[in-house]
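Engineer: Just dropping this structure here.
The values are calculated or read from the model by the stated rules, or taken from the named source; none is laboratory data. For clarity, every value in this text was computed on a predicted model and none was experimentally measured. Positions of Cβ are generated from backbone atoms using ideal geometry, with glycine treated the same way; all protein chains shown enter the neighbour counts.
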Amino acid sequence: MLSNTTGKSLPRKGLPRWLKLVLSLWVIVWAPSYWVLLGPQNYFWLCNLANFLLLAALWLESRRLVSMQWLAVALVGTFWAVDVGTASLTGWHPIGGTEYMFDAEHPPLTRAMSLYHLALPLVAGFAIWRIGYDRRALLWQSVLTWILIPGSYLFTEPERNINWVHGPFGQPQSVVDPLLYVGVLMMLWPLVLYLPVHWLTLVLLRRRRG
């Protein structure tokens with residue numbers, strides 16, 4: 001039941017088995033490929049971690065976990081698509097962070113596999129539509145982010161700039177103290193990337209109920 005989105009509820013539909021199997025096959029192929037080509041540190045990326053968490057969410061049909069990953073990938077995937085699409089047409093990256101998609105030294109297989117950024121928002125959005133949205137996901141995904149961002153700073157190589165912990169838009173920064181920057185990033189990530197999606201999702205689901 002959609003008891004977490006509004007005062008009233010909607011019938012809950014299950015998730016199709018084919019979707020679970022397709023995502024399972026994807027993770028089976030993608031995860032070891034990334035490990036071999038890019039190393040385990042790459043899993044610290046929140047968008048990469050979303051592959052594993054969304055897979056678990058589909059099989060468990062966990063509204064909370066699905067909702068968390070919807071917040072994690074909706075805007076990130078959109079921005080990724082805009083940046084890659086614009087760069088493909090004009091050579092200009094309006095956002096940044098996807099330059100590796102055009103770097104011949106970057107493994108072609110990992111560049112091709114990065115297209116999952118386009119698919120995960122569709123999968124998570126479909127799952128939300130089927131089983132509902134848990135408004136508590138905003139808090140839970142924020143907590144996960146507050147763990148992953150300092151973890152990325154402490155346990156990954158600075159040149160990777162995973163989760164942009166060493167500078168925004170994939171570029172290193174030296175304007176402010178590194179720890180201050182990480183603290184600001186921890187605050188901004190949920191406010192800029194999660195909160196707008198959270199609000200919009202609640203509005204859309206209320207309209208659907210009506």
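Engineer: All but one of (1) farther than 27 Å from Trp30 by Cα; (2) assigned to a helix (DSSP H, G or I); (3) at pLDDT 95 or above hold for Asp134, so report the exception by its number.
Structural biologist: Result: Asp134 fails condition (2) only.
Engineer: I'm told Asp134 meets every condition in (1) crowded, with 18+ Cβ neighbours inside 10 Å; (2) under 28 Å from Trp59 (Cα atoms); (3) under 16 Å from the mean Cα position of the chain (by Cα) except one. Can you identify the failing condition by its number?
Structural biologist: With respect to (1) crowded, with 18+ Cβ neighbours inside 10 Å; (2) under 28 Å from Trp59 (Cα atoms); (3) under 16 Å from the mean Cα position of the chain (by Cα), Asp134 is out only on (3).
Engineer: Can you pull out every residue in region 52-96 that is under 25 Å from Ile128 (Cβ atoms), outside any helix (DSSP H, G or I) and in contact (Cβ under 8 Å) with a residue 12 or more places away in the chain?
Structural biologist: Listed by number, the residues that qualify are Glu61, Ile95.
Engineer: Could you check Gln141 against (1) surrounded by fewer than 13 Cβ atoms within 10 Å (Cβ to Cβ); (2) in contact with a helix residue (DSSP H, G or I) (Cβ under 9 Å, 6 or more places away or on another chain) and say which number it fails?
Structural biologist: It fails just one condition, (1).
Engineer: Out of region 68-100, which residues are of a type in the set (Asp, Glu) and either loosely packed, with under 15 Cβ neighbours inside 10 Å or modelled with pLDDT under 95 (or both)?
Structural biologist: Glu99
Engineer: Okay, next question. Which residues, taken from region 144-163, are exposed (fewer than 15 other Cβ atoms within 10 Å of the Cβ), assigned to a helix (DSSP H, G or I) and in contact (Cβ under 8 Å) with a residue 60 or more places away in the chain?
Structural biologist: Gly151, Phe155
Engineer: Spot the failing condition for Val192; the list is (1) assigned to a helix (DSSP H, G or I); (2) more than 15 Å from the chain's Cα centre (by Cα); (3) exposed (fewer than 13 other Cβ atoms within 10 Å of the Cβ), and only one is missed.
Structural biologist: Unmet condition: (2).
Engineer: Can you name the residue in region 1-41 that is at pLDDT 95 or above and polar (S, T, N, Q) and, of all such residues, is nearest to His198 (Cα to Cα)?
Structural biologist: Ser24
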